[in-house]
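Here the structure is laid out as structure tokens; the discussion comes afterwards.
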Amino acid sequence: MSLRFYDTSARQVREFVPLREGSASLYLCGATVQAPPHIGHIRSGVNFDILRRWLTHVGYDVTFCRNVTDIDDKIIRVAAAEGVPWWKVSERNQRAFTQAYEILGCLPPTVEPRATGHVPEMIDLMRRLISDGHAYASDDGCGDVYFDVRSYPPYGELSNQRLDQVMESSDSDPDRDKRDSRDFALWKGAKPGEPSWDTPWGRGRPGWHLECSAMATKYLGPSFDIHGGGLDLIFPHHENELAQSRAAGDGFAQYWLHNGMLSVGGEKMSKSLGNSMLIPQMVQKVRPVELRYYLGQAHYRSTIDYSDAALQEAAAAYQRIEGFLTRTVEVLGEVATADRVPAAFASALDDDLGVSQALAVVHGHVREGNTALASGGKEQAAEIAGELRAMLAILGIDPLSEQWSGGDQGLREVVDALVAVALEQRQAARGRKDYAAADAIRDQLAEAGIVVEDTPQGSRWDLRRG
Ligand SMILES: [Zn+2]
């Protein structure tokens, strides 16, 4: 079975045939860094991290470019409200995004370009478009440069609209001198007090759409394989990227993949709701790996309607996987990751990245593995656990991986030693049948957030969550 994706542009599932054999190039619209990320932003990161890991697993040499939009109207507004330079806002929030991606185990992109570092490439693209009659500098000399949508008849192809259905573009001030209300800004002329860069058409700053075309082309070439982003970016952002790049003669993206939105109570996440869903707040509720499991488990194109209950269910599902692997390691010492994944898992991911079906295979393995362990089938348990680890590595949630087991390892060792002392005292108290003292030690640990579980192999502890 071959790898295939739902391509927004074709409006159907298409077999993935890369432009260059053995390589896959992927561009993902990254953050506009006007605020720190909430889980809706990071969902996209998790979805495309799984895609990237799967492409790598099946043998592609993946070049993954995820940009940072570090200049934009909203960033300028936040900076003005705080009385700080725009770059302080961008820098601070970009760091928050990087930490969020890291904490959720998203591998760093091959390259992470920032818009303001690519002004020469944007000027070059505008020059090509102007010389071919697809763009024009505003006649009033304000420094705006517009894309002429009527010069490019396929405009609307990605979002499946005819040109006469396309709404007017709202990305410039109403009094600016545009030839057609649907023309969108490639470049925005400077306003007093705003950051600006020199161009042959006057000072100004990049339009959002132009940035992505310039950066994707610089790092992935004029034609590349996959362009990703949230469903809300199809129009106008991706439509405009596609139009300006194709009009300039570039092949641009061959496949368009869009992830679904994350809603709360059926509504798009608003700023007030979003604030309670920032990553530091969310990892108070569950561990980062459990949050990743939650965000990654649904099909990437589906809408996730957030609920605490669903988050806790996801955490419990992850803990079942973790529990089996922990017990297996206790019995077998260690578990080596298998080289191959089960065929059913592979075909689930090949089929437009069917993570939910892939997770059904994962949980099937956990059930079989538990049965094997219970009946003393060590070899069988080892084999199942090895395959399980291979699958979990692709989903980025292997509990035995360095990311999820190595974390606060130093601190964990210290706490481990301290808790071991307390548990020895508790054991001693039990030995002399002083159950009140034994229970008191257990209660004191619980108060400190340490949960003790008694197993046939001895007492085990963990941090209480939630
Ligand atoms: Zn973009």
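The values are calculated or read from the model by the stated rules, or taken from the named source; none is laboratory data. In this text the structure is predicted, and so the values were computed from the model without any measurement. All Cβ positions, glycine included, derive from the backbone under ideal geometry; neighbour counts span all protein chains shown.
Side notes on the structure shown:
- Options 239, 157, 194; residue that is within 13 Å of the ligand (Cβ to nearest atom), surrounded by 15 or more Cβ atoms within 10 Å (Cβ to Cβ) and either in contact (Cβ under 8 Å) with a residue 40 or more places away in the chain or outside the structural domain of residue 112 (by TED's automatic domain parsing) (or both): 239
- Residues of the stretch 151-166 classified as outside any loop (DSSP other than H, G, I, E, B) and either under 21 Å from residue 122 (Cβ atoms) or at pLDDT 95 or above (or both), total: 1
- Some residue of the stretch 201-211 being of a type in the set (A, V, I, L, M), closer than 15 Å to residue 113 by Cβ and at pLDDT 95 or above: yes
- Residue under evaluation residue 255, criteria (1) farther than 17 Å from residue 26 by Cα; (2) buried (at least 17 other Cβ atoms within 10 Å of the Cβ); (3) more than 13 Å from the ligand (Cβ to nearest atom), criterion not met: (1)
- Number of residues in the stretch 58-75 that are farther than 30 Å from residue 86 by Cβ and within 13 Å of the ligand (Cβ to nearest atom): the value is 0.
- Matching option when the condition is exposed (fewer than 14 other Cβ atoms within 10 Å of the Cβ) and not in a helix (DSSP H, G or I), among 24, 10: 10
- Residue within the stretch 108-115 that is over 30 Å from residue 395 (Cβ atoms) and at pLDDT 95 or above present: yes
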